[in-house]
Amino acid sequence: MSIISILVYGAALGCVLAVLAVGFSLVYGVGGIINLSHGAYYILTAYIVFWFINANIVAYPIAIIIGLSLIALLGIVTYLALIKPIQHNEIGVMIVTFALAFLIEQAILVYEGSKPEEIKDISLIPFAKGQINIFGTQIDAQYIVIMIAAVIILSCLILFIKKSRIGKAIRAVSQDKDAAKLMGINVNLILMFVLTLSAVLAGFAAILYVSVSPIYPNYGWEYLLISMSVVLLGGLGSLPGSVIGAFIISFSRFICFYLVDIPYNVAYSGIIYLAVIIIMLIFRPCGILGKKERT
C-alpha cells in the first residue's frame, strides 16, 4: 500500500466514520442516550438495499430510498417502544439497545437461511466504476464519490442544525431539557427525531462504504466499536470532535495496514479501537472537544 493509497483510503473511511459517528454522538449530546444498536442500523440498511437489488424487485435508487425509509422507521420504533419508557435509566437503555442489535443480527442470519459459518459477505453496487490515476497510483473512483457525498451530507447536517427551526430546538434540548420544555419544545419529539436522524446517518454511511468494504451480519458490533472509539476520542456530544476523531482513527487504521504484514494488520487495527476507548476513558473521559460529564 502506497502513501497515496493511505491518504485516499484513509480520507474516504474518515468521511464515512464521521457520518456514522456524528449520528451516535448527536443522540448522546442531545438526550444522553448511548445507543448500542447504532452499528446494527449500519448493517441492516446495507442488507435491506442488497435484498431488494438481489431479488430484482426495484431499481438501485429506489432500493436506497426504501432502505433509508425503513431504517428511519426502525429509529422511531426504537425510541417509542424501547428507549422512551426507560430513558432515565441509562443502564436500561444500554441493555435494550444491545438486545435490539443482537436481534437484528439474528434476524439477518435467519433471513439468509444459513449457518453463521456458511454466510457469505455482501457488497453494494458502487456509484462510480473504473479507476482514477492519482500521482501514479490507481484509485477506485468510488472512493472519490464517497468523500464528496460524505462532505455534502455533513455540510447539510451542520446547516440544518444551525439554521432550521428543528435544529435550534435540538440545540436547546441539548443545552437544557427543562428550559426547553418551558419554551414549549416537545422534548420527546425532538429526541425521537434525533434518534431517527442518527439511524438515517448510519444508513447513509453503509450505502456509501459497503460498496468498497463488504460486510457480514455480525459486523454491526465492529462498526459500533469504531463509532464508540471515534466519539470517545473526539468527545461525547461534540460533532466537530467526532469528525476529528473519525480521521484520526481512520488514518491510524491504514497506517497500521501499511506497517504490519497481512493477516496481522486487521487484528492490530482492531486493537487500535479498543486502545483508544481504554486510554480516553482513563486519562480524558471528555475526549478532545467533548462536554464535561453530565451531572
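Values in this text are rule-based calculations from the coordinates and carry no lab data. Keep in mind it's a predicted model, so treat the numbers as computed, not measured. With ideal geometry, Cβ positions are generated from the backbone for all residues, glycine too; neighbour counts draw on all protein chains shown.
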Quiz prompt | In range of the label at Leu109: residues from the range 217-232 whose backbone nitrogen is under 18 Å from the point 7 Å along Cα→Cβ | solution = 217-224
Self-check item: Inter-site label distance for Leu80 and Ala128 at 7 Å from Cα along Cβ, in nm
Solution: 4.0
Practice problem: Quick one: how many lysine pairs does the chain have with C-alpha atoms less than 19 Å apart and a gap of 8 or more or different chains? Give me the count, please. | Solution: 9
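Which length gain, in nm to one decimal place, applies between His88 and Ser155 when the Cα-Cα distance is subtracted from 0.36 nm times their residue separation?
On the way: separation 67, 0.36 × 67 = 24.12 nm, distance 3.19 nm.
Computed gain between His88 and Ser155 is 20.9 nm.
So how strong a dipole does the chain carry about its Cα centre when Lys and Arg Cβ are +1 and Asp and Glu Cβ are -1, to the nearest 20 debye? Show your work: numbers first, answer last.
Details: 16 positive and 12 negative charges, 228 e Å.
In total the dipole reaches around 1100 debye.
So for Lys177, Lys129, fewest C-beta neighbours within 10 Å to most, what's the order? Write out the running numbers ahead of the final one.
Working: Lys177 17, Lys129 9.
Ascending Cβ contact count within 10 Å gives the list Lys129, Lys177.
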Quiz prompt | Packing-based order for 61-69, 39-47, using average beta carbon neighbours within 10 Å, highest first | solution = 39-47, 61-69
Quiz item: Only one of the listed values, (i) 54, 51, 41; (ii) 59, 40, 39; (iii) 59, 45, 36, was derived from the coordinates as Cα extents along the principal axes in Å; which label is it?
Solution: (iii)
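Using Cβ counts within 10 Å as a stand-in for footprinting exposure, how do Asp178, Asp140 rank, fewest first? All intermediate terms of the calculation are to be shown ahead of the outcome.
Details: Asp178 9, Asp140 19.
Final ranking by Cβ density, sparse to dense: Asp178, Asp140.
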Quiz item: Once amide H atoms are placed 1.01 Å from N in the peptide plane, what residues at a sequence separation of 5 or more from Gln131, or on another chain, have their amide H within under 5 Å of its amide H?
Solution: Ala141
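Please sort 12-20, 154-162 by packing, taking for each peptide the average over its residues of neighbouring beta carbons within 10 angstrom, highest first.
Details: 12-20: 27.0, 154-162: 14.0.
Highest-to-lowest ranking by the protection proxy: 12-20, 154-162.
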Quiz prompt | Distance (nanometres) between label positions extended 7 Å along Cα→Cβ at Val58 and Ile4 | solution = 4.0
Exercise. Determine the relative contact order of the chain: mean sequence separation of Cα pairs under 8 Å and six or more apart, normalised by residue count, in whole percent.
Key: 35
